[in-house]
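The values are calculated or read from the model by the stated rules, or taken from the named source; none is laboratory data. All values derive from a computational prediction rather than experimental measurement. Counting neighbours? That spans all protein chains shown, and the Cβs are built from the backbone with ideal geometry, glycine included. All accessible areas refer to the heavy atoms of the entire protein, side chains included, with ligands and DNA or RNA removed. Shrake-Rupley method; radii C 1.70, N 1.55, O 1.52, S 1.80 Å.
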Amino acid sequence: MLAVAPAGAGPLAAQHGTLTLSHRLDTSDSTYIEGSVSYLNLKHGGRVVARRKGSGPIRTRVHPREGLYRAVSFQRPCDGNCSTLDPPTDRCSVRVRVYPGETSAVRAVTRPGEGCRIGVVEPAAFPAARRIRAARGYVRGRALSSLAVIDTHGRLHGFAPHRRYVTASVVKAMLLVGRLRQLGNHLPSASDRAVLEPMIEASDNDAADVAYGWVGDGGLLEVGKSARMRDLIVPGGHWGNVQFSAADQARLFFAIDRLVPPRSRGYALHLLSSIVSYQRWGFSRFSLRSGWRTFFKGGWRTTGLGSLVHEAALFERRGRRFSMVVLSDGNPSHDYGTETLRGVAARIFR
């Protein structure tokens with residue numbers, strides 16, 4: 001059997017970010033004779049999703065879903081004692097993007113009769129573009145290698161990110177996700193844990209054989225579809241035959257906790273952060289020093305090209321997350337391949 005994950009797999013559920021909205025009147029040069037009411041609205045797709053108003057400064061924080069919004073500020077001058085309001089005036093608006101787990105800000109200032117000014121402050125993505133360029137340049141000079149990074153804004157970067165490689169043990173993270181999805185919103189049993197824990201923490205192949213018997217090729221394809229893995233190939237027969245790209249694994253790890261039922265999310269992340277010390281030869285040596293919680297799976301084997309070394313990871317710090325993957329084959333040695341992992345991490349986390 002040869003099965004390829006469909007390119008049109010549906011998106012994951014949208015995540016939420018934080019948006020701070022503020023407005024103030026600058027009455028140093030002019031004022032509304034009878035006062036005014038300030039309005040600050042947030043629109044998405046032409047629909048108002050948040051509305052704030054007041055006779056003084058406005059300061060509020062909302063938590064909308066990720067996406068592109070428009071913030072609109074205007075005044076309604078008072079007619080008499082403000083029981084009646086004049087039509088809107090001194091209007092301004094701006095587009096603002098909300099990123100999952102991050103905070104953006106909109107600040108508006110109105111000068112009565114002179115209009116309003118409105119600005120946006122959005123968080124810079126991590127890793128910065130210069131760091132990704134440095135990592136890309138480094139990977140280009142190594143053995144057959146690919147790099148994929150999904151930054152904290154959810155954008156994919158990399159070098160040869162869609163080149164396919166045979167899996168080695170990185171696919172065990174997919175088997176973990178597949179089994180936890182089979183169990184539904186229930187914690188794994190003792191017999192499940194006896195398989196999943198050595199499979200992830202110590203990369204035990206016999207345990208992976210058992211998990212593959214549970215999940216099967218159909219389960220792997222279902223995980224790939226949910227994670228939007230567009231280059232995935234499942235030839236069948238054994239988990240070690242699966243092929244994927246660095247972009248595929250970056251998408252998987254960026255959302256790996258969200259791909260399993262809520263009750264199992266902590267368990268999945270615990271396993272992926274508990275890899276045995278003698279298999280921690282790559283990213284985590286640099287990411288942990290920089291304060292990023294690190295959830296990863298590595299893989300290694302010998303192929304007709306030489307030594308194959310892979311690593312895929314999710315990193316989290318103070319509500320921000322990004323994923324990074326390096327896949328390589330044809331390395332002259334295992335040590336050379338792990339040096340590539342560390343070389344990339346040094347440039348990303350320096």
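Structure values in brief
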item	result
Net length gained if the chain between Val49 and Arg70 were fully extended (0.36 nm per residue, minus Cα distance)	6.5 nm
Accessible area per residue in Å² at 1.4 Å probe, computed on region 144-252	33
Rounded to 5, percent antiparallel among DSSP beta bridges of the chain	90
Ellipticity estimate at 222 nm from DSSP helix runs (n ≥ 4, -39,500 (n - 2.57)) divided over the chain, nearest 500	-8500 deg cm²/dmol
Straight-distance crosslink candidates among aspartates and glutamates, where the alpha carbon sits under 18 Å from Lys172 and sequence neighbours closer than 8 are dropped	Asp192, Glu197, Glu201, Asp204, Asp206, Asp209, Asp217, Glu222, Asp231, Asp248, Asp257, Glu311
Accessible area in the full protein assembly, largest first, 1.4 Å probe, for Asp86, Asp231	Asp86, Asp231
³J(HN,Hα) computed for each position of region 301-306 - Karplus, 6.51 cos²θ - 1.76 cosθ + 1.60, integer Hz, glycine/proline x	5, 9, 10, x, 8, x
Per residue, the convex hull volume that the Cα atoms of region 223-326 enclose (Å³)	123
Counted charge near Leu180, where neighbours are those whose Cβ lies closer than 15 Å (Asp, Glu -1; Lys, Arg +1)	+4
For region 13-90, alpha-carbon Rg relative to the globular expectation (2.2 N^0.38 Å, N residues)	1.27
Where only alpha carbons of the chain are counted, the Rg and the Dmax (Å)	25.2, 85
Globularity index of region 106-196, i.e. its alpha-carbon radius of gyration over 2.2 N^0.38 Å	1.87
Three semi-axes of the equivalent ellipsoid, region 307-350, Cα gyration tensor, whole Å, largest first	24, 11, 6
Net +/- balance of residues flanking Ser333 in space, Cβ distance below 15 Å, scoring K and R +1, D and E -1	0
